[in-house]
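Structure first, commentary second.
The values are calculated or read from the model by the stated rules, or taken from the named source; none is laboratory data. Note that this is a predicted model, so its numbers are computed, not measured. Quick reminder, even Gly has a Cβ in these numbers, built from the backbone with ideal geometry, and neighbours come from all protein chains shown.
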Amino acid sequence: MIEARHVTKDYGSVVAVRDVSFDVAKGEIVGFLGPNGAGKTTTLRMLAGFLGATSGSVKIHGHDIATESLEARAKLGYMPEAAPLYPELRVREYLAFRAALKRVPGRERKAAVARSLELAAVKDVAETPIGQLSKGYRQRVALADALVSNPPLLILDEPTAGLDPNQIVEVRKLVRELGQSHTILLSTHILPEVEAVCQRALVIAGGRLVAEGTIAELQARKHGRETRVTVRGDGEKLANALRELAGVKAVRATEVAGAPDIAELVLEVLPDADAEVTLERAVAALVAAGGGVRQVSPARASLEAVFAELTQAEEPKAGDA
Amino acid sequence: MSGFLAVYRREMLSLWVTPLAWVLLVVFLLLQGTIFYSIVVHFTSLADLAVETGPIEAYFGQESVFLLMTLLLVCPALTMRTFAEERRSGTIETLLTAPVTPVGIVLGKYLAVLTTYAAMWAPTVLYVVVLRKTGSIDWHTVGSSYLGLFGVGAAYLALGTLMSSLSKSQLIALLLAIFAEFGLFVLGVGEYVFEPGLVRDVCAHLSIGSQMEEMSRGIVDLRRIVFDGSIAVTSLFVTSRVVDSWRWG
C-alpha cells in the first residue's frame, strides 16, 4: 500500500529525513514511532504528497506520489498534525466540502458525509461551527475528514495528541475498528499507543529509520534473552551459583523491598546458548543451592526501554539500523 | 482544474458567513453612495448649463478617481485572506493533500472573490435606476462602465491573490496588495505628469483612470480589456506556481 524507497528530505544544510525505506502492506496497522523532532511529520507529509522528497520515491497504492500525484492522493486519507480546520464552517458543511474536493460523486456525497460523521462519532455536532468545538471534537472532525472518501489508506499524524484519557481510548478503539477495512499508518511518540493499536512499528530517530518490526520483535531486540526469577534465600549467594553455569552471561541480584529473605535475580543468557535449557539448569542449580524458587518469568522489556535504547544515539551504528 | 468547484463554493461560503464580506460591503456602499450623492448634487447646481455629460458618466468617468480609491481599499481586503489564512492556520495542508491541482485551487479562490466583488457592485445599479426618473439613460454606456469596473477588479483581485500567496500574514498580504494596486493606479497618473513622449504614452495606455473615462463614454477599446486580462492571467499563473512551490519548501 505504501512503498517508500530511500526517501530523503533536506532543507539546505539540515537533513530532516535521510534514506528512509519501508513498506506498509494492505490491511496493516503500522505505528510510526519516534521522539519529537525525529522527522515523523516530515516523512508523513512526503507520503501524503504535501512535501516533495529531495530524493527517493514514494508509491501509494502503486501510484508514484510525485508523478501520479492526483491518483495517489485520491487513494489516501491524510490527517495532519494539530487537525487544521476552517473555524467558520459547520462540521457538515466542512465534510461536504472535503467530500467534493476528494471527488466523491454528488449523488453519494450526502451518504459519505453521514457515514463519516457516524464513524468518527461527531454526528451530535454536525450543525455546530467548527470554531466552537473542543479539541477532542476537532480531532475527530479531522479524522472524519480523512475517512469521508472511504480511502483504502489512512495516514494519521498524532491522532491522539491533545486529547484527554477517555478520548484517547475512544480514538484508539476507532483506529482498531477502522483497521479491519483500511490500511493505517499512524505516528505517535506515545508508546502504549503502539502497543494498543499497531501490529507493527517503524522507529525513526534523527531522521533515520532505526528499527522496524512487530512489537514483540522490537521488545526482543535487546532484552529477549533475560529471565526474572524470584527466590527465597540469600540473593548474592544464589546469584553466584548461577554465574558458574554454562551459557549464563550475567546475573543481577536485587533485594525486594519489605521482604528481606526474598531476592529477585535477572538472568541473562549468552546469545549462542539455548535459553530454555539454560533456564532449566538454572532453576535446578537454585534449588540445589538451597533457594526457594517462587516465580520464573521472561523479563519483558518495556517498550520504553527499547525505545530509549533505539533512539538515544542520534547517529546509530550501521548494524543497529 | 481539479477541485475548482469545491474550492469556489467553500470560499464563497467562508466569505459570506464571516463578517468580512458584509463589513466590506457596507463600507463600500457607504462610500459609493456618498460619492454618487455628491456628484448628483454637483450636477443639480449646474442645472441650467448645457453639459455634455450627466452624473452617471461623471461617476464612472471623469470623477472615477474617487471610485478607484475605494477599490484600493476594498480589493486588497477581499483578497488578503485567500492564501495567507490557509497557510497561517495550516489548512493548506489538508487542501494540498486532497486530489486537487494548484490551478484548480487558485481559480476557485480567485473567482470567489471576483464574484463577491461583482456582488458588491450590484446594488449600485439602483443609482442608475433612481436617476432614470430625471432623464434618459444610455444603458449602453452604463454597460460599458460596468465592464470597465469588472476589468479593473479582475486585475486588482488577481494581483491581491498573488500577494496573499506570498505571506502567511494577512496584514502583510494586505499591504503588499495595496502597494501593487496603488502602483498600477499611480502609473496612470503619469499621463498628467510627464511631457508628451514615450513615457506619457505608456502611462496613458496603462492608466486605469483613462480606461474608466473611455468606458464611461461607451468606448470599449479591446486593448484595455486585454491589458486587464493580461494582469489577471499573469498574476494567477504566478500564484499557481507559488502554490506548487510550497511542496519544495
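Only one residue in A:Gly49, A:Gly31, A:Gly37 is under 17 Å from A:Val210 (Cβ atoms), free of Cβ contacts under 8 Å to residues at least 40 places away in the same chain and not acidic (Asp, Glu), so which one is that?
Of the residues listed, the single one that is under 17 Å from A:Val210 (Cβ atoms), free of Cβ contacts under 8 Å to residues at least 40 places away in the same chain and not acidic (Asp, Glu) is A:Gly37.
Can you tell me which residue among B:Leu131, B:Leu176, B:Leu157 is of a type outside the set (D, E, K, R), more than 20 Å from the chain's Cα centre (by Cα), assigned to a helix (DSSP H, G or I) and surrounded by 15 or more Cβ atoms within 10 Å (Cβ to Cβ)? Steps first, answer last, please.
Values: B:Leu176 fails: more than 20 Å from the chain's Cα centre (by Cα); B:Leu157 fails: more than 20 Å from the chain's Cα centre (by Cα).
So the residue among B:Leu131, B:Leu176, B:Leu157 that is of a type outside the set (D, E, K, R), more than 20 Å from the chain's Cα centre (by Cα), assigned to a helix (DSSP H, G or I) and surrounded by 15 or more Cβ atoms within 10 Å (Cβ to Cβ) is B:Leu131.
Determine, yes or no, whether A:Tyr137 is buried (at least 18 other Cβ atoms within 10 Å of the Cβ) and within 27 Å of B:Lys109 (Cα to Cα).
no
For the range A:9-51, enumerate the residues that are touching a helix residue (DSSP H, G or I) at 6+ places or on another chain (Cβ under 6 Å), crowded, with 22+ Cβ neighbours inside 10 Å and assigned to a loop (DSSP other than H, G, I, E, B).
Once the filter is applied, which keeps residues that are touching a helix residue (DSSP H, G or I) at 6+ places or on another chain (Cβ under 6 Å), crowded, with 22+ Cβ neighbours inside 10 Å and assigned to a loop (DSSP other than H, G, I, E, B), the range A:9-51 yields A:Gly34, A:Gly49, A:Phe50, A:Leu51.
Name the pairs: first residue in the range A:74-95 and over 29 Å from A:Gly62 (Cα atoms) and within 8 Å of chain B (Cβ to nearest Cβ), second residue of a type in the set (Lys, Arg) and part of a helix (DSSP H, G or I), Cβ to Cβ under 8 Å, at least 6 apart or on different chains?
A:Leu85/A:Arg138; A:Tyr86/B:Arg10; A:Leu89/B:Arg10
Counting just the residues of the range A:162-179 that are surrounded by 17 or more Cβ atoms within 10 Å (Cβ to Cβ) and closer than 20 Å to A:Gly34 by Cβ, which one comes out farthest from the chain's Cα centre (by Cα)?
A:Leu163
Quick one: A:Leu44 ticks every box in (1) within 14 Å of chain B (Cβ to nearest Cβ); (2) more than 30 Å from A:Leu209 (Cβ to Cβ); (3) of a type outside the set (S, T, N, Q) except a single one, so which number is it?
Against the list (1) within 14 Å of chain B (Cβ to nearest Cβ); (2) more than 30 Å from A:Leu209 (Cβ to Cβ); (3) of a type outside the set (S, T, N, Q), A:Leu44 comes up short only on (2).
Scan the helices (runs of 4 or more DSSP H) fully inside the range A:180-263 and keep the ones with 2 or more residues being at pLDDT below 80 and surrounded by 19 or more Cβ atoms within 10 Å (Cβ to Cβ).
Of the helices (runs of 4 or more DSSP H) lying wholly inside the range A:180-263, those with at least 2 residues that are at pLDDT below 80 and surrounded by 19 or more Cβ atoms within 10 Å (Cβ to Cβ) span A:215-223.
Checking the condition at the interface with chain B (Cβ under 8 Å from one of its Cβ atoms) and in a helix (DSSP H, G or I), which residue from A:Asp124, A:Asp145 passes?
The conditions single out A:Asp145.
Please go through the range A:47-67 and give me each residue that is within 12 Å of chain B (Cβ to nearest Cβ) and either among the acidic types (Asp, Glu) or out of contact with any Asp or Glu (no Cβ under 6 Å at 6 or more places or on another chain) (or both), ordered by number.
Passing the criteria: A:Leu47, A:Ala48, A:Gly49, A:Leu51, A:Gly52, A:Ala53, A:Ile60, A:Ile65, A:Ala66.
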